[in-house]
Amino acid sequence: MLEVEVQVEIRPTEDEEKVKKAVERFFKVNWISVDDYKFTKIYRGVGRGLEAIEGFYHALRKQQILDAARQYLFRGKGEEFVRFYLNKQVAFAGSISFCSYEYGESPLGAITVIIKTREVEKLIEWLTPRTVKGKPIETGEPPDP
């Protein structure tokens, strides 16, 4: 079963709905927990199945960033998951911009995305196929939802 887990920090200066919208542009999740700290909140959302990452899949193609995305996904590959970070402000504007780290590159913190699946390689090949002259070579089948 494919599962996407998204964690995002919401600082006091940020509008909670805008931060949620930034995530929901690319991932279909249910917000399941809010950890409230003194100066910040951490929202955690979970989605299941391919529909949870369908927006991300289409955005990668629309922006034509498959090669760069592929590098970030392989860099964050674990045994049964892939972890990556997205710039929160850029996501709110409707685009994808990867960050190498959770903190530092995105001034208000990054969106942390963890996609869990037993078929990590298949997931990465499906999301970010190799390209020739900027065009994807669609060879991969999606992982089991």
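The values are calculated or read from the model by the stated rules, or taken from the named source; none is laboratory data. It should be emphasised that the depicted structure is a prediction, and the values quoted were computed from it without experimental measurement. So basically every Cβ, Gly included, is an ideal-geometry build from the backbone, and we count neighbours across all protein chains shown.
Structural remarks
- Test: residue in segment 5-26 that is at pLDDT 95 or above, within 18 Å of Thr128 (Cα to Cα) and aliphatic (A, V, I, L, M): no
- Of all residues in segment 85-95, those that are surrounded by 20 or more Cβ atoms within 10 Å (Cβ to Cβ) and either more than 13 Å from the chain's Cα centre (by Cα) or of a type outside the set (Ser, Thr, Tyr) (or both) total 4.
- Scanning segment 72-120 for residues that are in contact with a Lys or Arg (Cβ under 8 Å, 6 or more places away or on another chain), within 23 Å of Leu2 (Cβ to Cβ) and not hydrophobic (A, V, I, L, M, F, W, C) returns Gly76, Glu80, Thr112.
- Taking segment 27-39 as the range and being assigned to a strand (DSSP E or B) and either modelled with pLDDT of 95 or more or within 21 Å of Val82 (Cβ to Cβ) (or both) as the test, the residues that pass are Asn30, Ile32.
- Helices (runs of 4 or more DSSP H) completely within segment 40-145 that count 2 or more residues being free of Cβ contacts under 8 Å to residues at least 40 places away in the same chain and farther than 22 Å from Lys28 by Cβ: 66-75
- Residues of segment 14-26 that are closer than 25 Å to Lys122 by Cα and either in a strand (DSSP E or B) or of a type in the set (A, V, I, L, M) (or both): Val23 alone.
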